[in-house]
Amino acid sequence: MNFKSLKFLTKRRIEAGIFLVIFFGVFYFISNKMGLPNMLNTIMQTSYSLLIDTVLYIMGITVLSGALGKLLTEFGVVRLLEVLLKPLMKPLYNLPGVAALGAVLTFLSDNPAIISLAKDNNFSKYFKKYQLISLTNFGTAFGMGLVVIIFMAGKGYAGAAIIGLVGAVIGSIISTRLMQRFTIKDFPEFKTEFVEGGDEQKISFKSEGNMFLRVLNSILDGGKTGVDLGLAIIPGVLIISTFVMILTFGASPEGYTGKAYEGIALLPYLAGKINFVFEWLFGFTNPELIAFPITALGAVGAALGLVPKFQAAGLLDGNAVAVFTAMGMCWSGYLSTHTAMLDSLGYRKLTGKAILSHTIGGLFAGIGAHWLFVLISLF
């Protein structure tokens, strides 16, 4: 075994040791307070409850919204929205008008839809290189937007969800503009260079068949897409939400029993130390609410899994929903998608700048939604 191989093997062993210490340390900390049997039962019960009560509900929304999105595409509504939104692209985002199509498609589906467009030469040829790179931030800010808004409306907060949509737009402008500045700073030549080449993959809007077949095919194809999206959120909801809930909620009135949604209330304890910051920025009157934006960093579907529990506990109000919608849409799991999206565009080295820009944009989305809600509440 040569020196290079030995060095690599040693590094891997040290990494494994550190991982085991952290892994068992975390679970020892939790089980020491809850009791090992209770902790394991709570993990299983919470995951099962989330699967039955939340995931299937969200999947129902994704299937219906997928069918709606496909119908809107089939009958030209998406193109009409693109035309209506085009005049806003340059002054707000410093992007060509065709970028509006990216916002509509990601709003109706999820973040990766922007990549299909960015790799289509018929779309990307309108962009300078720094603008095309910033599409990662622009598209992510609207991912699963329709699902989030319908979910919140279903909980009785449609007006607050619309305010949250405006907050997401604010965050998307800041995130996109910051990413453009960072890109030009690192690659000044990209400011004037237009995109060349690209894949000839095209997003087709061609329609075939009579009206009945077009409607039938649209709702079935869109529904299938919704099923795929619903299945894709299961790991995030069950794994991330379960862990976050254990860190968010406390024991039952009768103590630790192994029931679903019990926990050690660590996040509220830590957030409570600086709750005046969250209250001023986001209007959160309960420190537990900070769990939603933290979870949305990884997956907005997982974050939505927290909402029914917040509502049942009486923690949910219009302001919280507005902030949740804004930050959930704007962040929408960007930590797990930015790397893959920039890698597919060939600019992985800018991932750090994209994440920083989007973190700032998401914070301003929540702040904007809160203060807009306060302003509207005055009237």
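The values are calculated or read from the model by the stated rules, or taken from the named source; none is laboratory data. Only a predicted model underlies this, so the values are computations on that prediction, with no experimental measurement involved. When we count neighbours, we look across all protein chains shown, and the Cβ atoms used for this are built from the backbone with ideal geometry, even at glycine.
Structural remarks
- In segment 57-97, the residues that are outside any helix (DSSP H, G or I) and surrounded by fewer than 20 Cβ atoms within 10 Å (Cβ to Cβ): Phe75, Gly76, Asn94, Pro96, Gly97
- Odd one out for Gln45 among (1) under 30 Å from Ile233 (Cβ atoms); (2) surrounded by fewer than 17 Cβ atoms within 10 Å (Cβ to Cβ): (2)
- Within segment 216-233, the set of residues being of a type outside the set (Gly, Ala, Ser) and surrounded by 17 or more Cβ atoms within 10 Å (Cβ to Cβ) comprises Ile219, Thr225, Leu229, Ile233.
- Scanning segment 243-259 for residues that are surrounded by fewer than 20 Cβ atoms within 10 Å (Cβ to Cβ) and of a type outside the set (Val, Ile, Thr) yields Phe243, Leu247, Gly250, Ala251, Ser252, Pro253, Glu254, Gly255, Tyr256, Gly258, Lys259.
- For Tyr334, the conditions (1) crowded, with 18+ Cβ neighbours inside 10 Å; (2) out of contact with any Lys or Arg (no Cβ under 9 Å at 6 or more places or on another chain); (3) among the aromatic types (Phe, Trp, Tyr); (4) more than 25 Å from Leu231 (Cβ to Cβ) all hold with the exception of (4).
- Test: Ile43 is touching a Phe, Trp or Tyr at 6+ places or on another chain (Cβ under 9 Å), closer than 25 Å to Gln311 by Cβ and among the β-branched types (Val, Ile, Thr): yes
- Thr325 being crowded, with 23+ Cβ neighbours inside 10 Å, modelled with pLDDT of 85 or more, within 17 Å of the chain's Cα centre (by Cα) and among the β-branched types (Val, Ile, Thr): yes
- Extreme residue, nearest to the chain's Cα centre (by Cα), among residues of segment 193-215 that are surrounded by 10 or more Cβ atoms within 10 Å (Cβ to Cβ) and modelled with pLDDT of 65 or more: Val195
- Looking only at segment 265-316, and only at residues there that are of a type in the set (Phe, Trp, Tyr) and in a helix (DSSP H, G or I), the one that is surrounded by the most Cβ atoms within 10 Å (Cβ to Cβ): Phe292
- Residues of segment 1-37 that turn out to be among the hydroxyl-bearing types (Ser, Thr, Tyr) and within 25 Å of Ile246 (Cβ to Cβ), as a count: 2
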